[in-house]
Amino acid sequence: MSIQPSLFDLPPAPRRTTPQGFAYQPDLIGPAEERDLVRRFEGLDFKPYEHLGYLGNRRVASFGWRRDDSGQMIETGEPIPDFLCPLLDKVAAFTGLARESFRHALVTEYPPGAGIGWHRDRPPAVAIAGVSLVSPCSFRLRRKAGDTWDRATIEAQPRSAYLMSGPARSDWQHSIPPVEALRYSVTFRTMRAPRPSY
Ligand SMILES: O=C(O)CCC(=O)C(=O)O
Ligand SMILES: [Fe+2]
């Protein structure tokens, strides 16, 4: 009798596939624009990321919308700062979405060793476009497929952009394993209009 596990005893291998609704664009901005943005980040009021009492080891500065204490996204009225507008113009051109449809901007600082666990950005976010700055990260995506996962990993380079829309936003989760060196991201989200409360 063989003590080797048969092929059929092994867990099914993950399937590699590109999520529908995901797009990647290297070199959305140049090194000078990247340097200027990082210099502007020094003036931002970063707060430790907190969600339902859980503290992440990354820091965030949020514009347009923010999460309230119950985890709901609420509109703050605080506009996206002017210095992010040229970046937003490029992100809008890359995604093909109207610049005005991006109603939320989040600057996230990942010190070495920080990452983000598996999650889906919940509504009211509709499409999410992110720009990576200063150092690369592995941007991982997964979706349950029976007994296995569909998986994809994109090596997001500094100055590159990605888009998650459609199934890539609604059906797939994403995560970033701990980064080796300081990384920033700027994520812009289009938002579904809040339902009237009457
Ligand atoms: O840093 C990034 O590029 C992604 C961050 C993210 O997934 C989020 O803020 O929901
Ligand atoms: Fe996310």
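The values are calculated or read from the model by the stated rules, or taken from the named source; none is laboratory data. Source: prediction; values computed, not measured. A quick note on method: Cβ atoms are made from the backbone with ideal geometry, for glycine too, and the neighbour counts reach across all protein chains shown. Accessible surface is based on the protein model in full, side chains and every heavy atom, while ligands, DNA and RNA are left aside. Shrake-Rupley method; radii C 1.70, N 1.55, O 1.52, S 1.80 Å.
Structure notes:
- Modelled spin labels at SER138 and ILE74, positioned 7 Å past Cα toward Cβ, are 3.9 nm from each other.
- Rounded to 10°, Cα long-axis angle of helix 31-41 versus longest principal axis of the chain: 70
- Available extension along the chain between LEU182 and ALA98 is 27.2 nm, counting 0.36 nm per residue and deducting the alpha carbon span.
- For the range 63-75, putting each phi into the Karplus relation 6.51 cos²θ - 1.76 cosθ + 1.60 with θ = phi - 60° gives couplings of 10, x, 9, 8, 7, 7, 4, 8, x, 6, 7, 10, 7 Hz, in residue order, rounded to whole numbers and with x for Gly and Pro.
- Stretch gain in nm, segment TRP118-SER170, where the contour uses 0.36 nm per residue and the Cα spacing is subtracted: 17.4 nm
- Solvent-accessible surface of the chain, taken per residue with a 1.4 Å probe and all protein chains present: 56 Å².
- Value of [θ]222 nm, deg cm²/dmol, for the chain, DSSP H segments ≥ 4, -39500 (n - 2.57) each, nearest 500: -3500 deg cm²/dmol
- Once the Cβ-Cβ distance of PHE46 and GLN20 is raised to the sixth power relative to R0 = 30 Å, the FRET efficiency obtained is 0.35.
- Built from the Cα atoms of the chain, the convex hull projects on average onto 14.2 nm², one quarter of its surface area.
- Percent of beta bridges antiparallel (DSSP, the range 1-154, rounded to nearest 5): 90
- Of the solvent-accessible surface of the chain, computed with a 1.4 Å probe over protein heavy atoms with every protein chain present, carbon and sulfur atoms account for 53 percent.
- Qualifying GluC sites (Glu not before Pro) for the range 96-198 [loop in DSSP, other Cβ within 10 Å: at most 12]: GLU180
- Between helix 85-95 and the chain: long-axis angle, C-alpha atoms, 0 to 90°, nearest 10: 40
- Heavy-atom accessible surface of THR18, to the nearest 10 Å², is about 110 Å², with a 1.4 Å probe and all protein chains retained.
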